[in-house]
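Engineer: Take a look at this one; I'll ask things after.
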Amino acid sequence: MVNGSPASLISDEYRTQQQQLHRNPNYGVASVHFAPLVARVVRTLGASSLSDYGAGKRRLEAALREERIAVDYRPYDPAFPDYGEPCPADLVCCIDVLEHVEPDCLDAVLDDLRRITVSHGLFTVHTGPAQKVLPDGRNAHLIQRPAEWWLERLEPRFQILEARAMPLGVIVFVKGRTAEN
């Protein structure tokens, strides 16, 4: 545990900073841009449940409704404790989140993603600096590493089906690793 947070997913101090940053209406908008891709993946997989890991203000949920996607939406964000704990789902989306994780908590977060990925995951990672800064003055992207570095951390936990470069980052489509595969 880090400062009382289960599984060391986030420190209390960083949770407070994220809550302050989320007061900015322009913070946490990336998921909306990826909603058409998420909708295609939901349709292709026939996924009935979606865990939005790092859901922020739940903008992906609203964007998926506009895409006419009916799915059991399960938000998780440590800055919004009323969402509850991360829940397993057929499709786990983690959009523009991993680069915001405290470096000391990254392994715990990746292990948690593995735990809840029942079937597939769609992760996007920005590899450079953010345009926003934390209240303490640090860049909002705490981890600024190249795509290869991220893939090395994901590969032991997931079967990487596709990794696609995007401007300033990478989109990774994974299959969960279970005892059977």
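Engineer: For the range 53-79 and the range 82-133, what is the separation of their C-alpha centers, rounded to whole Å?
Structural biologist: Measuring centre to centre over Cα atoms gives 14 Å.
Engineer: Still on this structure: Please work out whether the chain counts as rounded, prolate or oblate from its C-alpha gyration tensor, where a ≥ b ≥ c are the square roots of the eigenvalues and a/c under 1.5 means rounded, while otherwise a/b larger than b/c means prolate and anything else oblate? If you can, show how the numbers build up before the last one.
Structural biologist: Details: a/c = 1.36, a/b = 1.24, b/c = 1.10.
Judged from the Cα gyration tensor, the chain comes out rounded (a/c under 1.5).
Engineer: By how many nm would the segment from Arg164 to Glu67 grow when fully extended, if each residue of separation counts as 0.36 nm and the alpha-carbon distance is taken off?
Structural biologist: On the way: separation 97, 0.36 × 97 = 34.92 nm, distance 2.27 nm.
Working it through step by step, the gained length comes to 32.6 nm.
Engineer: Also: Out of the DSSP beta bridges found with both residues in the chain, what percent are antiparallel (nearest 5)? Don't jump to the answer; show the numbers that get you there.
Structural biologist: Numbers: 17 of 31 bridges.
Percent antiparallel among DSSP bridges in the chain is about 55.
Engineer: Considering Cα pairs under 8 angstrom that are at least six residues apart, work out the relative contact order of the range 1-103 and quote it in whole percent.
Structural biologist: Working: 136 pairs, mean separation 29.8, N = 103.
Averaging sequence separation for qualifying contacts and normalising by length gives 29 percent for the range 1-103.
Engineer: Whose amide H sits under 5 Å from the amide H of Ala130, counting only residues 5 or more places off or on another chain, with H placed in the peptide plane?
Structural biologist: Amide H neighbours of Ala130: Ala140, His141.
Engineer: Please report the relative contact order for the range 6-176, taking Cα pairs under 8 Å with a sequence separation of at least 6, and give it as a percent rounded to a whole number. Write out the running numbers ahead of the final one.
Structural biologist: On the way: 303 pairs, mean separation 34.9, N = 171.
Result for the range 6-176 is 20 percent.
Engineer: Here is a follow-up. Tabulate in residue order the Karplus-calculated ³J(HN,Hα) for the range 68-73, using 6.51 cos²θ - 1.76 cosθ + 1.60 with θ = phi - 60°, rounded to whole Hz; enter x for Gly and Pro.
Structural biologist: Residue by residue, the range 68-73 yields 6, 9, 9, 9, 6, 8 Hz.
Engineer: Show the residues, 5+ positions off or on another chain, whose built amide H is closer than 5 Å to the amide H of Met166.
Structural biologist: Ile171
Engineer: Ranked highest first by the average count of other Cβ atoms within 10 Å around their residues, in what order do 26-37, 156-167 fall? Don't skip to the end; give the middle numbers.
Structural biologist: Working: 26-37: 16.9, 156-167: 13.2.
Going from most to least packed, we get 26-37, 156-167.
Engineer: Show me the helices of the chain, taken as full DSSP H stretches, that run 18 Å or more along their long axis by Cα and average 1.0 or above in Kyte-Doolittle hydropathy.
Structural biologist: Values: long enough: 30-45 (22 Å, 1.08).
Long hydrophobic helices here: 30-45.
Engineer: What is the gain in length, in nm to one decimal, between Arg115 and Leu45 on full extension, counting 0.36 nm per residue of separation less the C-alpha to C-alpha distance? Kindly include the intermediate steps, with their values, before the conclusion.
Structural biologist: Numbers: separation 70, 0.36 × 70 = 25.20 nm, distance 1.92 nm.
Going from the current span to full extension adds 23.3 nm.
Engineer: Mean separation of Cα pairs under 8 Å and 6+ residues apart, divided by the residue count of the range 112-181: what relative contact order is that in percent? It would help to have the intermediate numbers written out before the result.
Structural biologist: On the way: 97 pairs, mean separation 28.3, N = 70.
Worked out over the range 112-181, it gives 40 percent.
FYI, it's all coordinate maths here, none of it is from the lab. Just so it is clear, the model here is predicted, and its values are computed rather than measured. Using ideal geometry, Cβ is built from the backbone for each residue, glycine included, and neighbour counts are taken over all protein chains shown.
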